[in-house]
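Worksheet: one structure, shown below.
The values are calculated or read from the model by the stated rules, or taken from the named source; none is laboratory data. It should be emphasised that the depicted structure is a prediction, and the values quoted were computed from it without experimental measurement. With ideal geometry, Cβ positions are generated from the backbone for all residues, glycine too; neighbour counts draw on all protein chains shown.
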Amino acid sequence: MDPQVETGARWSEILTREYASRLATLALAIWLHASNSMLTATTMPSAVEDIGGLNLISWTFALYLMGSIISGASVSLLVNKSGIRATMIRAAMVYAVGCVVCAMAPTMPVVLVGRVLQGLGGGGLVALVYISQDRFFPNRFVPKIVACISTVWMISAFSGPVIGGAFATMGIWRMAYWAFAFQAVLLMLAIRVLLAAESVNLDIKAGRIPIVRLMFLAAAILLISMAGAEFDAVVSPVLIVMGCLSLVFFVFRDRNANSSRMLPLEATDLSHPIGNGILTTLLLCLCIMSFLVYGPFILMKLYGLTPLTAGLIVMLETLACAGMTKFS
């Protein structure tokens, strides 16, 4: 038997009329989530000047992340009930509504509502992309599909701050969110036209949604975000400790779960490569997120940089992190 058939596929087989359109649709879904997650890094400083809410900037990231986690963990149940195509269209619709809410927001709390919707829609889209890749393509295509999706994710994460900075520099930060709402509408059309035939009779088994664990995880995010929203010498440290405890409860409850485990079993085993890798990722995120959240604002206010220049600097940090992974 031909080894090529067994072990993999050529790019010439994937980039055909039949499969290229499907791959482009999945790539667009990844683009919307990954680029928008960092878009606020350079649009929020301008938004603060327009509508206020400096103390809530960190929430624009935290609530987006919370929405992404919740939808990503529960989307399989919706797929089992409605199929990939219908669920993906709904996720794109929620994402688009979130973009519109952000674009029209008169105050920062309304922006936060939009960010939750964006997170719910974007997290659902990402989960659906990974569910879809071995159902819309032959199994031997999957390694290259994963490689392509990973590349799109990396490019999207780099581009988000620059795109936001470009719109903010022109004084039209709201247009950044209108632009992504328009792309979400295009995604809905692409899903309906290009993925319709592949969405029939998909047998996807979904486990129970880990509601209690999601509540612990959401509580950890919210408590730590609340600690930074209005700093108090007594209350803020207590909220941080409570948030850390909620995260610990989530990790150990997930480890003892019999089904629908969200983390690998070895996540808390620091003698295992998986445990070490997760801890390293956690510490890396702790190091870089403060600059991603507040860096553009500091660069613009203290050093007079334009949002676009601040976005380029943020992109350099992201590139540095990605580059070091090649040598680790």
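Residue 237 passes every criterion in (1) in contact with a Pro (Cβ under 7 Å, 6 or more places away or on another chain); (2) part of a helix (DSSP H, G or I) apart from (1).
Would you mention how many residues in segment 265-286 are among the small types (Gly, Ala, Ser) and at pLDDT 85 or above? So that I can check it myself, show each step before the final result.
The initial filter retains those residues of segment 265-286 that are among the small types (Gly, Ala, Ser), namely 267, 271, 275, 277.
Narrowing the set further to residues that are at pLDDT 85 or above leaves 271, 275.
Number of matching residues: 2.
Mind listing whichever residues of segment 231-246 are in contact with a helix residue (DSSP H, G or I) (Cβ under 6 Å, 6 or more places away or on another chain) and at pLDDT below 90? It would help to see each step written out before you state the result.
The first filter runs over segment 231-246 and keeps only residues in contact with a helix residue (DSSP H, G or I) (Cβ under 6 Å, 6 or more places away or on another chain), leaving 236, 239-240, 242-243, 246.
Across segment 231-246, the qualifying residue is only 236.
Meeting the requirement of 2 or more residues that are within 21 Å of the chain's Cα centre (by Cα) and crowded, with 21+ Cβ neighbours inside 10 Å, the helices (runs of 4 or more DSSP H) wholly within segment 1-119 are 17-51, 57-82, 84-104. Scanning segment 15-65 for residues that are in contact with a Leu (Cβ under 8 Å, 6 or more places away or on another chain) and of a type in the set (D, E, K, R) yields a single hit, 22.
Among the residues of segment 125-136, is there at least one that is surrounded by 21 or more Cβ atoms within 10 Å (Cβ to Cβ) and closer than 18 Å to residue 38 by Cα? I'd like the intermediate steps shown before the answer.
Keep residues of segment 125-136 that are surrounded by 21 or more Cβ atoms within 10 Å (Cβ to Cβ), which gives 125-129, 132, 136.
With closer than 18 Å to residue 38 by Cα added as a condition, the list becomes 125-126.
Within segment 125-136 (the criterion being surrounded by 21 or more Cβ atoms within 10 Å (Cβ to Cβ) and closer than 18 Å to residue 38 by Cα), the answer is yes, since at least one residue qualifies.
Per the conditions (1) at pLDDT below 80; (2) not in a loop (DSSP other than H, G, I, E, B), the sole criterion not satisfied by residue 262 is (2). Figure legend. Inter-residue proximity from segment 77-88: first residues of a type in the set (Gly, Ala, Ser), second residues surrounded by fewer than 23 Cβ atoms within 10 Å (Cβ to Cβ), beta-carbon distance below 6 Å, spacing 6+ or different chains. Indicated pairs: 83/199; 83/202. The set of residues in segment 265-281 that are outside any loop (DSSP other than H, G, I, E, B), aliphatic (A, V, I, L, M) and out of contact with any Lys or Arg (no Cβ under 9 Å at 6 or more places or on another chain) comprises 274, 278, 279.
Cβ separations smaller than 9 Å between residues 6+ apart or across chains give no pair from segment 254-266 residues that are on the phi > 0 side of the Ramachandran plot to residues that are assigned to a loop (DSSP other than H, G, I, E, B) and among the hydroxyl-bearing types (Ser, Thr, Tyr).
In segment 229-249, the residues that are in contact (Cβ under 8 Å) with a residue 12 or more places away in the chain form Cβ pairs under 9 Å with partners that are not in a helix (DSSP H, G or I), at six or more places apart or across chains, as follows: 239/232.
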